[in-house]
Amino acid sequence: MCVLGATGMVGQIYLQMLADHPWFEVSAVTGNTTVGKKLIEAYAGKGDLPRKFWELEVLPSDPSKIDADLVFSCLPTKAARELEHKFAEAGFPVVSDASANRYQEDVPLIVPEINPEHLDAIDVQRKRRGWEGFVVTTPNCTTTAFVLPLKPLLDEFGLRYVNVVTMQAVSGAGYNGVPSMAIMGNIIPYIQGEEEKVEQEPRKILGTYRDGAFRPAEVTIDATCTRVPTLVGHLAAVTATLSREASVEEVAEALEGFRGLPQQLELPTAPPRPVVVREEVDRPQPRLDAGSNDRSGMVVHVGRLRKGSLERTVKFVSLTNNLVRGAAGIAILTAELLKATGRLG
Ligand SMILES: NC(=O)c1ccc[n+]([C@@H]2O[C@H](COP(=O)([O-])OP(=O)(O)OC[C@H]3O[C@@H](n4cnc5c(N)ncnc54)[C@H](OP(=O)(O)O)[C@@H]3O)[C@@H](O)[C@H]2O)c1
């Protein structure tokens, strides 16, 4: 198994989560400026690297140089656009965190608990493109901050409209993403391209896949995305308009009771409860509740659940670990789902 972009912010989390994985063994890692270095040299000062990976050589992201039966891609968008198709063409199953291929008509955009049936698009993709391999994508880290709680609301009460304001940690922008002089003691009320992704992606994820086509869910989303000086954990303040009236207790019950196929299959990276409702008045908080680089970081915490002023509206705050549930962890869970459903070799 190979991690493309293994020396970045998300790459580190993959290696920590995969060090003792029961199904997947890391056989190759790639980078760009660090090609040719040992991984431990490439990591200097950046983060914790499990001892077993120290001696791995950073390879170029070239399919002909890689020996692996599965590829995780956490490449920047431009590199992903150039390289992920090449890997799929060369026969590799690719699970990608990058946005480059998310919106294509034959590429699944997966949250394993929400839309596992969208993986059926892989067959169409392979046939249409003549590929041995395939590309499956995971959402933007901010989409994952609130799309999981939306699923039980959609199923139980119907969902018409969502307004979301995000407070996104600096790690979401990558290791060299936001200059410290710009963000320390500050909030930046704009993240390039983010609001478009956050307004578009949940519609594909919550929609259907039938007769070879994705049909987006009929819900309208307005987003305002901001960057705040926290390290890890994207917080989203959500107001959702439901199709029918529901009490706070009914909504809490729907959120707490939500389970998906990964929980049924007891996949290694699946948290027992994907959505946890917090009753404390001041939770969730990024520092306290973002969890670690394991299944604890796969839980979406929902708090401050209350009725909105308008009819059929509910309000809540939702927190996701952007590096785990929002990137490496969701991709690993997706790969586990691919394997458990017989789609990996
Ligand atoms: N950070 C998050 O919370 C998050 C969440 C969800 C999705 N994502 C997505 O995941 C991807 C990676 O994000 P990140 O935060 O890990 O970024 P990052 O910290 O900037 O890391 C980028 C990685 O890609 C490698 N790379 C850069 N240019 C390359 C090229 N032309 N060819 C091959 N490899 C190249 C870098 O290698 P060198 O170190 O060797 O230069 C490094 O390993 C992005 O597409 C991002 O949008 C990030």
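For this structure, a couple of remarks:
- Residues M9, M181, M298, M1, sorted so that the one with the fewest Cβ neighbours within 10 Å comes first: M181, M1, M9, M298
- Database remark: amide H of G91 closer than 5 angstrom to the amide H of E132, G133 (H placed geometrically; neighbours at sequence offset of 5 or more, or on other chains; Pro and chain starts carry no H).
- Expressed in units of 2.2 N^0.38 Å, where N is the residue count, the Cα radius of gyration of segment 250-345 is 1.20.
- Each listed q (0.14 Å⁻¹) maps to a log10 I(q)/I(0) for segment 143-321 from the Debye sum over equal C-alpha point scatterers, namely -0.79.
- Among W23, W131, the order by Cβ neighbours within 10 angstrom, fewest to most, reads W23, W131.
- Greater than 23 Å apart at Cα, pairs in K197/K339; K127/K151; K52/K78; K151/K197; K204/K307; K46/K339: K197/K339; K127/K151; K52/K78; K204/K307; K46/K339
- The GNM of the chain, with springs linking C-alpha atoms under 10 angstrom apart, assigns the highest mean-square fluctuation among N321, N186, N140 to N186.
- Lys/Arg +1, Asp/Glu -1 at C-beta; segment 143-321 dipole; positive extreme among G291, P149, T239: G291
- 14 Å cut-off, amide nitrogen to a point 7 angstrom out along R210 Cα→Cβ, residues in segment 104-146: 118
- If the segment from D123 to N176 were pulled out straight at 0.36 nm per residue, it would be longer than the present Cα-Cα gap by 15.3 nm.
- Listed from fewest to most Cβ neighbours within 10 Å, the set Y190, Y175 follows the order Y190, Y175.
- Full extension of the chain segment joining K315 with T224 gains 31.2 nm, where the gain is 0.36 nm per residue of separation less the Cα-Cα distance.
- Here r is the Cβ-Cβ distance between R244 and R283 and R0 is 25 Å; the resulting FRET efficiency, rounded to 0.05, is 0.35.
- Per-residue Karplus couplings for segment 146-163, computed as 6.51 cos²θ - 1.76 cosθ + 1.60 with θ equal to phi - 60°, are listed in order as 9, 6, 4, x, 5, 4, x, 5, 4, 5, 8, 10, x, 9, 9, 8, 10, 10 Hz, Gly and Pro entered as x.
- Most mobile of H21, H118, H85 in a GNM of the chain (Cα contacts under 10 Å): H21
- Simple point charges give the picture: +1 on the Cβ of Lys and Arg, -1 on the Cβ of Asp and Glu, and for segment 143-321 a dipole about the Cα centre of about 160 debye.
- Stokes-Einstein D (µm²/s) once Rh is taken as the Kirkwood radius of the chain over alpha-carbon pairs, at 4 °C in 1.567 mPa s: 64
- For L305, residues with placed amide H under 5 Å, excluding near neighbours: V317
- Max mean-square fluctuation residue, GNM over the chain, Cα-Cα springs under 10 Å, options K204, K307, K78: K78
Every number in this text was worked out from the coordinates using simple rules, so none of it is lab data. The model shown is predicted, which means the values in this text are computed figures rather than measured ones. A quick note on method: Cβ atoms are made from the backbone with ideal geometry, for glycine too, and the neighbour counts reach across all protein chains shown.
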